[in-house]
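Colleague: The structure that follows is given in the form of structure tokens.
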Amino acid sequence: MKDLIFEPIRINKLEIKNRIYMPAMHLGMAADFEVTDQITSFYAERARGGAGMICVGYLTVDEYSGNTQNIGGHKDEFIPGLTRLAKAIKENGARAAAQVNHAGRYNLSFFLGGRQPVAPSPIASRMTRETPRELTIDEINQTIDAFAQAALRIKKAGFDAVDVLSGTGYLISEFLSPLTNQRTDEYGGSLENRMRFGLEVVCAIRKLLGKDYPLIVRMNGNDFMAGGQGRLELQEYAVALVQHGVDALCINVGWHEARVPQIVSFVPRGVFGYLSRGIKEKVNVPVIASHRINDPATARQMISDGMCDMVAMGRSLIADPHLPEKMKTGKENEIVHCIACAQGCFDHLFELKSIECLCNPKAGHENDRSIQRVEKPKKVMVIGGGPAGMSAALAAHERGHSVTLYEKTDRLGGQLFLASSPPGRQEFLELAKDLAKQVAVKGVRVALNRTVDAALIEKESPDVVILATGGESITPPIPGINRPNVVQAWDVLEDKVVTGRKVVIIGGGAVGVETALYLADKGTLSGDALKFLMVNKAETPETLFELATKGTKEIVLLEMVDRVGKDIGRSTRWGMLQDLSRFGVKTDVETRALEITDTGVKVERGDGTEEIVADTVVIAAGARPFHPLQEVLDRKGVPCEVVGDAKQVATAFDAVHQGFLAGRAV
């Protein structure tokens, strides 16, 4: 049976070897708009990994359209760098496309030397908290021409296709949406007028590049903005784009301001395929589905079910550049999946850093983190089989050392199992499985159910030890902490304890929030149950919503500082806080637990004290490093590196990267 993923497809007259499209993503790797060696090496590796087409960008079209970390497309002086990039992708086996875009009101005056960003209408952005300047008709015409000129530079640089970003809340979608377009001229008002700018952009590009040059538009299937554009109006826009010469449509979802999660782990895999399907049924050009397509099974099913013609796999190819080749060669069980944590990609961009990846510590470091084999291998003990330990063991093994990974339990994965417990966080379990599979495939020796002590170290006599023994939960000195109604959050997440109906959680950091969501989900409808009841019209939509969000527990989350989830990444935090509210978790900030009683928790807030009634009190006060063997190793003079939570309690991203760097340094 043929694999539909690897059936060739044509966009215009361009043949693409398979149905895997890597969409444009902001990498934060450009330097003063110039293509860097970092960018070139990043994309060359993904091309070697077997993607059918890779789209880079976005590229700026004028001085208002982006910032210096974007790849420049607005001047001829950027063509040589673009040429090197196109060549690197094509020489390594993939088709090369480049995306043009204008940020519109999503740009910041900070990046524009204090000048206002521009937009169809002067309506403030909730994301930037700035009000843009309204474009004049002359400026609109100049911007349309700027798009076309940037596209021409892309063609001159040797790219096989151009992609126009017409969604996500950027300039073209700002013209499309009645939320941001309140003009009274020919570019505002009716849908026909609001589509005019986007259609004139693609017409100008088509005129300049010729009828045979592939033109792709990446557009929203639904902007998920209250009062914005839903799927039906955007389907009309899709039809109009094709009528005006567009050769393929790549369907994404939502604006950056939308309150519907789009990219994080609790978004189900392939869930937005219904939007690409709706557009595919209206047009006769290839349609590419996007968002949360991180595994072969989802990709194949979406194509075979007629939801799309191609799949966009962006962060999936950051996590594993060789995902397509592994699919093709029967090694799908060796794929390292993107877990949609956003810790190294989107969260880094908010900090103006270039992207990295929790799952792949080499991503973005293709030049400076290559591993060379040593001439004289050493005997390396890695103690602790969590993400830091597995990452360290893999890197040291790749160096050519003799590595043994010791884990005191019967499985590898460590705290990834805890991280996977809350609803919508199951992808962290996927990472535990993927790293363990890599350890097995690479042939790293593993000793499970082995507690390492001084005697074992003496017996094995290692040259180097990497300590990845993790952390231990903190028990704060609160009176009553040892009462029988008190449990640890980690035990709750591992389902080792039973909690009552009324629960107070002390500690509003990441673990506290995750525990609250885990408990709040108890007694709610599952996805299958919800579908059954909805399809059979057993209950009203309002009742089904209540049953899906109202569990069997009453939960209060206490935090001493002024906000909860302060240690959760920006891309994930807002959605988790939204769910706390939606699932009825009460959050009390600037509240200190004074004493735990048989009936609840006495707290202090403001100038007063009170008791919150609770059947169970959960302690989520954080963790501290656990590395009891370090002193033993120091006494014996054995070189030792401490990594992950054993060094400093932080994120899974930090654990994986620290482990990798420690293993690589041996």
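The values are calculated or read from the model by the stated rules, or taken from the named source; none is laboratory data. In this text the structure is predicted, and so the values were computed from the model without any measurement. Note: ideal-geometry Cβ built from the backbone for every residue, glycine included; neighbour counts use all protein chains shown.
Residue-by-condition table, conditions (1) buried (at least 19 other Cβ atoms within 10 Å of the Cβ); (2) closer than 23 Å to I596 by Cβ; (3) in contact with a strand residue (DSSP E or B) (Cβ under 9 Å, 6 or more places away or on another chain):
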position: Q488; (1), (2), (3): yes, yes, yes
position: D495; (1), (2), (3): no, yes, no
position: G508; (1), (2), (3): yes, yes, yes
position: L525; (1), (2), (3): yes, no, no
position: A538; (1), (2), (3): no, no, no
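Colleague: Please go through region 456-485 and pick out each residue that is under 23 Å from V601 (Cα atoms) and either among the hydroxyl-bearing types (S, T, Y) or under 35 Å from the mean Cα position of the chain (by Cα) (or both).
Modeller: Result: S473, I474, T475, P476.
Colleague: Test G330 against the stated conditions and say whether it is surrounded by fewer than 23 Cβ atoms within 10 Å (Cβ to Cβ), in the same structural domain as E427 (by TED's automatic domain parsing) and not in a strand (DSSP E or B). Walk me through how you get there before you give the answer.
Modeller: Working: surrounded by fewer than 23 Cβ atoms within 10 Å (Cβ to Cβ): yes; in the same structural domain as E427 (by TED's automatic domain parsing): no; not in a strand (DSSP E or B): yes.
Against the criterion (surrounded by fewer than 23 Cβ atoms within 10 Å (Cβ to Cβ), in the same structural domain as E427 (by TED's automatic domain parsing) and not in a strand (DSSP E or B)), G330 does not qualify.
Colleague: Of all the residues that make up region 464-482, how many are surrounded by fewer than 13 Cβ atoms within 10 Å (Cβ to Cβ) and touching a residue at least 40 places away in the same chain (Cβ under 8 Å)? Don't jump to the end; show me each part of the working.
Modeller: As a first pass, look at region 464-482 and keep what is surrounded by fewer than 13 Cβ atoms within 10 Å (Cβ to Cβ): 475-477, 479, 482.
So of that shortlist, the ones also touching a residue at least 40 places away in the same chain (Cβ under 8 Å) come out as 475-476, 479.
Residues that pass the stated criteria total 3.
Colleague: Could I ask something else about it? Is it fair to say F159 is part of a helix (DSSP H, G or I), of a type outside the set (D, E) and modelled with pLDDT of 95 or more?
Modeller: On the way: part of a helix (DSSP H, G or I): no; of a type outside the set (D, E): yes; modelled with pLDDT of 95 or more: yes.
When the stated conditions are applied, F159 does not pass them.
Colleague: Among the residues in region 100-107, are any assigned to a strand (DSSP E or B) and closer than 16 Å to V35 by Cβ? If you could, list the steps in order and put the result at the bottom.
Modeller: Taking region 100-107 and keeping what is assigned to a strand (DSSP E or B), we get 100-101.
From what's left, closer than 16 Å to V35 by Cβ: 100.
Scanning region 100-107 turns up at least one residue that is assigned to a strand (DSSP E or B) and closer than 16 Å to V35 by Cβ.
Colleague: All but one of (1) of a type outside the set (G, A, S); (2) in contact (Cβ under 8 Å) with a residue 60 or more places away in the chain; (3) part of a helix (DSSP H, G or I) hold for F175, so report the exception by its number.
Modeller: Every listed condition holds for F175 apart from (2).
Every residue, every condition in (1) in contact with a His (Cβ under 9 Å, 6 or more places away or on another chain); (2) touching a residue at least 40 places away in the same chain (Cβ under 8 Å); (3) not aliphatic (A, V, I, L, M), yes or no:
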{"site": "G509", "(1), (2), (3)": "no, yes, yes"}
{"site": "V513", "(1), (2), (3)": "no, yes, no"}
{"site": "D528", "(1), (2), (3)": "no, no, yes"}
{"site": "A538", "(1), (2), (3)": "no, no, no"}
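Colleague: Is there any pair with a first residue in region 294-323 that is under 19 Å from L275 (Cα atoms) and a second that is of a type in the set (S, T, Y) and not in a loop (DSSP other than H, G, I, E, B) whose Cβ atoms are under 6 Å apart and which are 6 or more apart or on different chains, and what are they?
Modeller: N294/S316; M307/S276; C308/S276; M310/Y21; A312/Y21
Colleague: In the same structural domain as I288 (by TED's automatic domain parsing), crowded, with 18+ Cβ neighbours inside 10 Å and assigned to a loop (DSSP other than H, G, I, E, B) - does that describe any residue in region 139-154?
Modeller: no
Colleague: What about R259, is it assigned to a loop (DSSP other than H, G, I, E, B) and buried (at least 19 other Cβ atoms within 10 Å of the Cβ)? Spell out how you get there, then give the answer.
Modeller: Values: assigned to a loop (DSSP other than H, G, I, E, B): yes; buried (at least 19 other Cβ atoms within 10 Å of the Cβ): no.
So R259 does not fit the description; no.
Colleague: Also, I was wondering about something else. Based on this model, can you work out whether F224 counts as under 16 Å from the mean Cα position of the chain (by Cα), in a loop (DSSP other than H, G, I, E, B) and hydrophobic (A, V, I, L, M, F, W, C)?
Modeller: Numbers: under 16 Å from the mean Cα position of the chain (by Cα): no; in a loop (DSSP other than H, G, I, E, B): yes; hydrophobic (A, V, I, L, M, F, W, C): yes.
Considered against the rule, which asks whether it is under 16 Å from the mean Cα position of the chain (by Cα), in a loop (DSSP other than H, G, I, E, B) and hydrophobic (A, V, I, L, M, F, W, C), F224 comes out as no.
Colleague: Given region 1-60, what strands (runs of 3 or more DSSP E) lie entirely inside it while holding 3 or more residues that are buried (at least 24 other Cβ atoms within 10 Å of the Cβ) and either within 26 Å of the chain's Cα centre (by Cα) or in the same structural domain as I71 (by TED's automatic domain parsing) (or both)?
Modeller: Numbers: elements: 9-11, 14-16, 20-22, 53-60.
By residue number, 20-22, 53-60.
Colleague: Which condition from (1) on the phi < 0 side of the Ramachandran plot; (2) touching a residue at least 40 places away in the same chain (Cβ under 8 Å) is the one that S461 breaks?
Modeller: (1)
Colleague: Residues of region 569-607 being in contact with a Phe, Trp or Tyr (Cβ under 6 Å, 6 or more places away or on another chain) and either surrounded by 15 or more Cβ atoms within 10 Å (Cβ to Cβ) or closer than 27 Å to R483 by Cα (or both), which ones?
Modeller: Selection gives S571 alone.
Colleague: Something else: Give the residues of region 196-253 that are among the aliphatic types (A, V, I, L, M) and either closer than 18 Å to H291 by Cβ or not assigned by TED's automatic domain parsing to the domain that holds T143 (or both), sorted by residue number. Spell out the reasoning first.
Modeller: Of all residues in region 196-253, those among the aliphatic types (A, V, I, L, M) come to 199, 201-202, 204-205, 208-209, 215-217, 219, 225-226, 232, 234, 238-242, 246, 248-249, 251, 253.
Hits for region 196-253 are I216, V217, M219, M225, L234, A238, A248, L249, I251, V253.
Colleague: Also, I was wondering about something else. Only residues that are more than 19 Å from D615 (Cα to Cα) and not in a helix (DSSP H, G or I): list them for region 509-539, please.
Modeller: Within region 509-539, G509, T524, L525, S526, N536, K537, A538, E539 qualify.
Colleague: Are there any pairs with C-beta distances below 8 angstrom linking a residue in region 122-147 that is closer than 16 Å to P178 by Cα to a residue that is of a type in the set (F, W, Y) and surrounded by 16 or more Cβ atoms within 10 Å (Cβ to Cβ), with the two at least 6 apart or on different chains, and if so which?
Modeller: Here the result reads S125/Y106, each pair linking region 122-147 to a residue that is of a type in the set (F, W, Y) and surrounded by 16 or more Cβ atoms within 10 Å (Cβ to Cβ).
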